[in-house]
Structure formats: C-alpha cells, structure tokens
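A short worksheet on the structure shown next.
The values are calculated or read from the model by the stated rules, or taken from the named source; none is laboratory data. Since the structure is predicted, the reported quantities are computational estimates derived from the model, not experimental observations. With ideal geometry, Cβ positions are generated from the backbone for all residues, glycine too; neighbour counts draw on all protein chains shown. To get the accessible areas, we keep the full protein, side chains included, count just its heavy atoms, and leave off ligands, DNA and RNA. Shrake-Rupley method; radii C 1.70, N 1.55, O 1.52, S 1.80 Å.
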Amino acid sequence: LLYNMSMISFVIPVYNEEKGFKKFYTEMLLPELKKLKYGYELILVNDGSKDKSLQIIQELAEKDKHIKVLSFSRNFGKEVALTAGIREAEGAAVFTMDADGQQPPKLIPEFIKKWENGAELVIGVRGKYEKHGFIAKLGSKWFYRIMGWMGVKDMVPGSTDFRLIDRCVADEYNKLTEHGRITRGLMDWMGFRKEYIDYVYGNRLAGKPSYNFKKLFQLAIDSFISLSTTPLMIFAWMGGLITFAALVLGIFVLIEEFMMGDPIGLKWTGTTCVCIFITFLIGLVMVSQSVTAMYVSSIHAEAQNRPLYIIDRKNSRNLKDGKK
C-alpha cells in the first residue's frame, strides 16, 4: 500500500449519532479540517447503527470525496471500529476521535504541531469535565488506579482515544491480532515517543452515550485480561496466604484447645473449624476459577480466529479498494 505522506487521516466511529453528527461535522470538525495545510481524508466507521446515522454519513460522502464510509454488517464495538478505520487510513498520520462532540476539534492544530516536532503518539488527556456523572468519573479514576496496581504503567490516567498517531505507529498497530482489545492500551504498550495534551471533556451535542455501564465494565475487564496477568498472580498469592493462615490457626487451636486445656475459654469444636475453613476455601476457589475462566474465554476467542469485523461493502463508500 502506497501512503500519502502529505495527508492526515481522521478516523471516527459512528454509532447511533443521527441527532448530533451532522452538527458536529459541519460546525465543529469541517472548519478545522479546511484550515489544515495537509490534505485529509475522513474515515467514518458505521458500527452497526440502528438509526439514520448510516444514511447521514453516506449523504456526506456523496457530496465530499474526502469522506470514506466504512460500514460494518453489525455492531462490533468501538475498539474494533477504531481498528478498522486505522487499517483503512492512508495518511502520514492518523487522528482518532469520537463523533459526539465531547472532544474539541479546535485542538487538532496542537496535536499536529507536537507531531511535527517529533512526537509519534500525541495523546489527549481528559482533565476537567464540563458536565459528567459522578459514577463515570469515579469509575474512570479507579480503572486507571487498578491498572497501575496491576503493573500497567504505560497508561496515563485520563488518556483517551482522542489522539494522533504517526504512520509508523499505525503500521505496527495493524500487525496486532488479538480480539479482546483496548486501542489506547495497545498503543501505549507499543512504546514510541509520546506527548500529551490536556483538554476539557465537553458535553454531547445530542443523544445518549452508547457506552453504558455494562459496556464500560466489559471494556475494563477486557483491559485487565489483555494487558496484564496480574489477576492470576493475585489469587495465587491469596491462596498461598490463606493456606499459611489456616496452618497457623490450626496450630493455635491444637495448642490452645488440646495441649493447654482451652485456658482462654474459646470452646473450639472440630466441626466449627472444619465448616469455617471449608466455606472460606470454597469461596476462594470459586472466585479464582472465575478469574481463570475469563482468561480461558479470551484464549477461546483467539483460538477461533474469526475476523475482527465484517464490512458491508454495499453500504460503504469511497474505500481504497475502489468498491463503492
């Protein structure tokens, strides 16, 4: 594939954004794109939208050949949509962002400037919020804190998919094959020279977020599993500590009850001790097996080797293979 080194590719996943996308494109994004000294292409990935989002972006693509529409056959998720868009991109750099207007396009020149000065990954860091739910803020804070405890030090708290990546980063990212993926985590894991830009996380132009609590929780679980094996080690250490504690307690009961005649008056019975230990250890085994099952499930998904996504060529527009 021959890349256009004088062009920047913009990748935006679109899922059920009929109420706000046209306003976002015409009033926020397009004015910034027209100011660029580079050529540009805008890759809109329809992630199985159930509203009129596909029709809207198809109409935009028919009027503007800078726009490519890559339409999925169904909903595959934002992380896969970003992956598909990056694979389709032909520019010297790839800029990824959301379609809801919460990430300000007016900062695009700052990202490009840092890239021109040598940065290979320019990452938007979500700092202040114009308006955001307490649960979402708390969840984000604890997500990065837990990732840090698990040994994942490459992810900066608040880092987002609002970022610019150099062609060399995109090429290496396109080689990755895992199915359970978090785009920002994989890019940070790859290394390369990073720069950061703080921004205020704005309000949605319209509609409700497609990432509900269930999806965010699943994304967090996928992140923990794909980026770290620490959960397995945690339960291995817990099992060892509990076994040691049970041994110490057993020796204490033996000495206090049977050798010293229960001077403290605890009145231990064998049945009570056995029931307590068995119940506790069964709970530990069930939890540890659940964590192990998550990893086995991930292995199962990789072993199936299904494609990450399926493109609906009929509804796509202006793709690089010339179809539609």
Sole miss for K131 among (1) modelled with pLDDT of 65 or more; (2) over 17 Å from L44 (Cβ atoms); (3) part of a loop (DSSP other than H, G, I, E, B); (4) not acidic (D, E) is condition (1)
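Just name the residue that is surrounded by the most Cβ atoms within 10 Å (Cβ to Cβ) out of those in segment 268-324 that are basic (K, R) and at pLDDT 70 or above. Explain how you work it out, then say what you get.
Step one: filter segment 268-324 for residues basic (K, R), giving 306, 313-314, 317, 320, 323-324.
Then drop every residue that is not at pLDDT 70 or above, which leaves 306, 313-314, 317, 320.
Working: R306: 10, R313: 14, K314: 9, R317: 22, K320: 14.
Residue satisfying both the conditions and the ranking: R317.
Considering each residue of segment 60-72, count those that are among the acidic types (D, E) and at pLDDT 95 or above, and give that number. Give the derivation first.
Start the filter on segment 60-72 by keeping residues that are among the acidic types (D, E), which leaves 62, 64.
Then drop every residue that is not at pLDDT 95 or above, which leaves none.
The total comes to 0.
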Name the one entry in Y201, Y173 that is open to solvent by less than 70 Å² (accessible area, probe 1.4 Å), at pLDDT below 90, among the aromatic types (F, W, Y) and closer than 21 Å to A99 by Cβ.
Y201
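Can you tell me which residues in segment 68-108 are assigned to a strand (DSSP E or B) and either without any contact (Cβ under 8 Å) to a residue 12 or more places away in the chain or crowded, with 22+ Cβ neighbours inside 10 Å (or both)? Walk me through it before giving the result.
Start the filter on segment 68-108 by keeping residues that are assigned to a strand (DSSP E or B), which leaves 68-72, 91-96.
Listed by number, the residues that qualify are K68, V69, L70, S71, F72, G91, A93, V94, F95, T96.
Matching residues to (1) under 25 Å from the mean Cα position of the chain (by Cα); (2) surrounded by fewer than 18 Cβ atoms within 10 Å (Cβ to Cβ); (3) modelled with pLDDT of 95 or more:
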{"position": "F21", "(1), (2), (3)": "yes, no, no"}
{"position": "T26", "(1), (2), (3)": "no, yes, no"}
{"position": "I43", "(1), (2), (3)": "yes, no, yes"}
{"position": "D47", "(1), (2), (3)": "yes, no, no"}
{"position": "R126", "(1), (2), (3)": "yes, no, no"}
How many residues are touching a residue at least 60 places away in the same chain (Cβ under 8 Å) and surrounded by fewer than 17 Cβ atoms within 10 Å (Cβ to Cβ) if we restrict to segment 180-196?
3
Checking the condition farther than 22 Å from G202 by Cα and among the hydrophobic types (A, V, I, L, M, F, W, C), which residue from I56, I12 passes?
I56
Criterion violated by F224 - all others in (1) modelled with pLDDT of 65 or more; (2) crowded, with 17+ Cβ neighbours inside 10 Å; (3) of a type in the set (F, W, Y) satisfied
(1)
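Just a yes or no: is a residue in segment 51-62 in a strand (DSSP E or B) and either surrounded by 22 or more Cβ atoms within 10 Å (Cβ to Cβ) or free of Cβ contacts under 8 Å to residues at least 12 places away in the same chain (or both)?
Here is the first cut: in segment 51-62, the ones in a strand (DSSP E or B) are none.
No, because not a single residue in segment 51-62 is in a strand (DSSP E or B) and either surrounded by 22 or more Cβ atoms within 10 Å (Cβ to Cβ) or free of Cβ contacts under 8 Å to residues at least 12 places away in the same chain (or both).
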Segment 109-129 residues that are closer than 20 Å to W189 by Cβ and touching a residue at least 24 places away in the same chain (Cβ under 8 Å), paired with ones that are open to solvent by less than 40 Å² (accessible area, probe 1.4 Å) and of a type in the set (S, T, Y) (beta carbon under 7 Å, 6 or more apart):
I123/S159; G124/T160; G124/Y199; V125/S159; R126/T160; R126/Y199; R126/Y201
